[in-house]
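Here is the structure we will look at.
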Amino acid sequence: MAAAAGLPKTRRLVRFFCSIAGLAGNLRKMSAADSPASVWVRHCEQDTRDGVEGSVSGTIPRWLNGNLIRNGPGGKKVGEHHYNHLFDGLSLLHLVNITDGKAKYISRYLESETYKLNHRANRIVVSEFGTAGVPDPCLSLFDKFSTYFKPALTQKRTDNCLVNVMQVKDELVAMTELSTVRVVDPNTLETKPELVRYTDYVSVQRVTAHPHLEGNVAYNLAFSTGPSGPPKFAIISLADGKIQNSKIVASVPCRWKFTPPYLHSFGITDNFYIIAETPMAIDARLLALPAFFGMSSFNALRYFNGEKTKFRIMSRETGEEIKVNAYAPGFFNFHYLNCYEKDDMLVIDVCAADDNLIEYLKMENIKKPADDMSRKMCNVEPRRYIIPVGNLDSSPVNVDLLKDFPDAKIGENRATAVKEANGELMVTGVRLGEVFMELPRINYRYNKKQYTYAYGASVSDYKLKMFDFDGIVKLNVTNGETTFWQDQDYFSSEPVFVETPGGVEEDDGVLLSILISKNKPKELALIVLNAQDMKEMARVDFIASGAVTSTFHGQFIASKGEVHAY
């Protein structure tokens with residue numbers, strides 16, 4: 001103590017702060033023991049970059065040739081340091097190549113700058129959504145101190161693109177919810193050296209990972225900020241899916257200046273871009289706090305209970321918001337099933353939760369056993385909202401404007417839309433089916449159109465399993481009927497619809513999903529389901545080099561296709 005007292009005051013402060021930081025790191029080590037509670041917590045020690053041939057049961061349709069590529073958090077730790085949130089893990093890409101009735105599996109870590117820096121330091125040094133990085137141990141004491149107190153906005157930005165992939169033509173990119181993408185070889189999954197940023201080509205700060213594709217043009221949702229005024233939502237177009245071709249085609253100010261909403265995706269129709277501005281928001285002032293205090297983007301999230309969800313609808317013709325002040329009781333959604341227009345009505349189908357769903361995806365919550373009373377759980381249901389977009393000025397007040405609209409009625413329940421005396425439109429949603437449903441997909445040829453079927457990952461009992469998907473559901477959005485495929489021994493991933501060549505019916509095609517064995521960490525399977533009756537057509541079993549981990553989203557790239565949609 002006497003020696004410490006003789007140190008200059010600044011140096012004593014540095015030592016004090018760094019000792020606390022070391023304690024925080026040790027706490028992270030001690031509290032992050034792996035648990036068998038969920039496949040989501042599994043860590044991949046070794047990817048399968050050399051590939052393995054699969055054992056086929058049943059028959060893969062001969063017309064089904066191409067690559068199913070998926071993305072998700074494969075690395076849950078670096079050294080002894082564990083990630084805190086499901087959105088943080090190091091990106092692991094998965095590829096199943098299907099050729100002439102056979103299949104081969106490859107997986108490979110995205111070798112981002114984040115991946116390299118973390119593994120060089122053998123700890124998490126680059127901050128992610130829910131995990132604040134700690135300084136590189138190779139830095140000097142002063143550099144460590146300086147790193148902690150850099151504002152978060154100027155620290156090393158992650159390029160850990162773990163959410164989705166996009167291939168419109170020949171270029172495959174891995175995406176996350178920031179302004180950086182990584183280009184990947186579409187056959188070997190090798191990460192190419194160039195670092196591609198939206199900010200080099202268009203004035204946006206953050207871009208989501210759920211684009212919509214129309215022919216060879218991709219559209220995506222971004223945020224833009226200026227020297228004054230609130231931040232804005234911006235829709236950008238990307239000809240040929242190339243970041244270098246980005247341009248803003250529509251924008252609208254966020255309703256709250258210092259707390260813009262957290263958004264994961266958006267809707268699109270022939271005439272409109274749709275954003276559900278939910279009560280899940282980001283306190284921009286907290287983003288500037290240093291990582292030293294354990295702050296990450298997650299810590300800046302605020303879910304405002306009691307606040308309404310506001311629908312923002314932008315004209316694709318003018319790029320500006322249309323004159324409709326539509327609100328609903330507050331909900332949060334990651335994903336849209338589909339949106340379409342009919343009879344001056346805008347139909348918006350989402351997977352909705354009435355709570356802070358992101359909070360429940362903290363790793364400490366996912367690791368808790370099902371019988372732990374402190375474990376947070378939340379239902380996610382397919383839900384429809386309908387907004388009249390005709391001449392609202394002449395519409396009557398305090399009358400349900402959807403009472404004669406057939407698409408508002410699902411079974412015995414209805415969606416409603418009532419114009420209030422102040423001109424605001426209050427809408428309530430209707431449940432599309434009695435089912436827990438996430439990661440929704442459709443026959444993408446019906447995107448923006450009136451449709452009948454949606455497919456998604458589901459669980460038999462969300463109160464026990466929450467996001468431990470054990471099946472795939474087919475939902476008829478016109479009447480609420482559901483058809484299930486299940487295998488309780490496997491974890492099911494997002495089902496990807498691939499249409500039969502020349503298919504006439506909307507559900508004429510197959511569903512592809514990667515199944516992960518719950519009890520044998522290195523075993524996985526590709527499942528091929530008949531989308532019409534949800535019966536298993538083929539299963540291809542693989543044994544990977546290391547533990548197989550869960551994925552978020554992906555895309556099927558047909559081998560003979562020139563342009564690829566979702």
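Within the range 200-217, which residues are under 28 Å from residue 446 (Cα atoms) and in contact with a Ser or Thr (Cβ under 7 Å, 6 or more places away or on another chain)?
207, 208, 209, 210, 217 - these are the residues of the range 200-217 that are under 28 Å from residue 446 (Cα atoms) and in contact with a Ser or Thr (Cβ under 7 Å, 6 or more places away or on another chain).
Given the criterion of a type outside the set (Val, Ile, Thr) and either free of Cβ contacts under 8 Å to residues at least 60 places away in the same chain or buried (at least 23 other Cβ atoms within 10 Å of the Cβ) (or both), identify the matching residue among 474, 560.
On inspection, the qualifying residue turns out to be 474.
Tell me, please, whether a residue that is modelled with pLDDT of 95 or more, in a loop (DSSP other than H, G, I, E, B), closer than 16 Å to residue 271 by Cα and not hydrophobic (A, V, I, L, M, F, W, C) can be found in the range 320-334.
For the range 320-334, residues modelled with pLDDT of 95 or more, in a loop (DSSP other than H, G, I, E, B), closer than 16 Å to residue 271 by Cα and not hydrophobic (A, V, I, L, M, F, W, C): present.
Residues of the range 518-537 being part of a strand (DSSP E or B) and crowded, with 21+ Cβ neighbours inside 10 Å, which ones?
Once the filter is applied, which keeps residues that are part of a strand (DSSP E or B) and crowded, with 21+ Cβ neighbours inside 10 Å, the range 518-537 yields 524, 525, 526, 527, 528, 529.
Return the total of residues in the range 301-323 being hydrophobic (A, V, I, L, M, F, W, C), surrounded by fewer than 18 Cβ atoms within 10 Å (Cβ to Cβ) and touching a helix residue (DSSP H, G or I) at 6+ places or on another chain (Cβ under 8 Å).
Total satisfying the criteria: 0.
What's the total number of residues in the range 335-361 that are of a type outside the set (A, V, I, L, M, F, W, C), part of a strand (DSSP E or B) and surrounded by 18 or more Cβ atoms within 10 Å (Cβ to Cβ)?
Residues meeting the conditions: 5.
Taking into account only those residues within the range 224-280 that are touching a Cys at 6+ places or on another chain (Cβ under 6 Å) and not hydroxyl-bearing (Ser, Thr, Tyr), which is modelled with the lowest pLDDT?
230
Inspect the range 472-493 for any residue being of a type in the set (Val, Ile, Thr) and in contact with a helix residue (DSSP H, G or I) (Cβ under 6 Å, 6 or more places away or on another chain) and give the result as yes or no.
Checked the range 472-493: no residue is of a type in the set (Val, Ile, Thr) and in contact with a helix residue (DSSP H, G or I) (Cβ under 6 Å, 6 or more places away or on another chain).
Look at residue 200 and say whether it is among the charged types (D, E, K, R), more than 23 Å from the chain's Cα centre (by Cα) and modelled with pLDDT of 90 or more.
Yes; evaluated as a whole, the condition is true for this residue.
Would you pick out the residues in the range 441-471 that are polar (S, T, N, Q), without any contact (Cβ under 8 Å) to a residue 60 or more places away in the chain, more than 22 Å from residue 501 (Cβ to Cβ) and assigned to a loop (DSSP other than H, G, I, E, B)?
Answer for the range 441-471, where residues must be polar (S, T, N, Q), without any contact (Cβ under 8 Å) to a residue 60 or more places away in the chain, more than 22 Å from residue 501 (Cβ to Cβ) and assigned to a loop (DSSP other than H, G, I, E, B): just 460.
Exactly one condition in (1) at positive phi; (2) out of contact with any strand residue (DSSP E or B) (no Cβ under 7 Å at 6 or more places or on another chain); (3) not polar (S, T, N, Q) is not met by residue 439; state its number.
With respect to (1) at positive phi; (2) out of contact with any strand residue (DSSP E or B) (no Cβ under 7 Å at 6 or more places or on another chain); (3) not polar (S, T, N, Q), residue 439 is out only on (2).
What number of residues in the range 230-278 are assigned to a loop (DSSP other than H, G, I, E, B), under 28 Å from residue 183 (Cα atoms) and not polar (S, T, N, Q)?
The qualifying residues number 7.
Just name the residue that is farthest from the chain's Cα centre (by Cα) out of those in the range 38-72 that are among the basic types (Lys, Arg) and crowded, with 17+ Cβ neighbours inside 10 Å.
Checking each candidate, the answer is 42.
Which count do you get for residues in the range 109-136 that are part of a loop (DSSP other than H, G, I, E, B), under 23 Å from the mean Cα position of the chain (by Cα) and not polar (S, T, N, Q)?
Selection size over the range 109-136: 9.
Going through the range 352-394 one residue at a time, which ones are modelled with pLDDT of 95 or more, under 14 Å from residue 438 (Cβ atoms) and not hydrophobic (A, V, I, L, M, F, W, C)?
Scanning the range 352-394 gives 381, 382, 383.
Can you tell me which residue within the range 487-510, out of those that are under 25 Å from the mean Cα position of the chain (by Cα) and touching a residue at least 60 places away in the same chain (Cβ under 8 Å), is surrounded by the most Cβ atoms within 10 Å (Cβ to Cβ)?
Looking at residues that are under 25 Å from the mean Cα position of the chain (by Cα) and touching a residue at least 60 places away in the same chain (Cβ under 8 Å), I get 493.
From the list 505, 499, exactly one residue is modelled with pLDDT of 95 or more and in contact with a helix residue (DSSP H, G or I) (Cβ under 9 Å, 6 or more places away or on another chain). Which is it?
Result of the check over 505, 499: 499.
The values are calculated or read from the model by the stated rules, or taken from the named source; none is laboratory data. Just so we're clear, the structure is a prediction, and the values are computed from it rather than from any experiment. With ideal geometry, Cβ positions are generated from the backbone for all residues, glycine too; neighbour counts draw on all protein chains shown.
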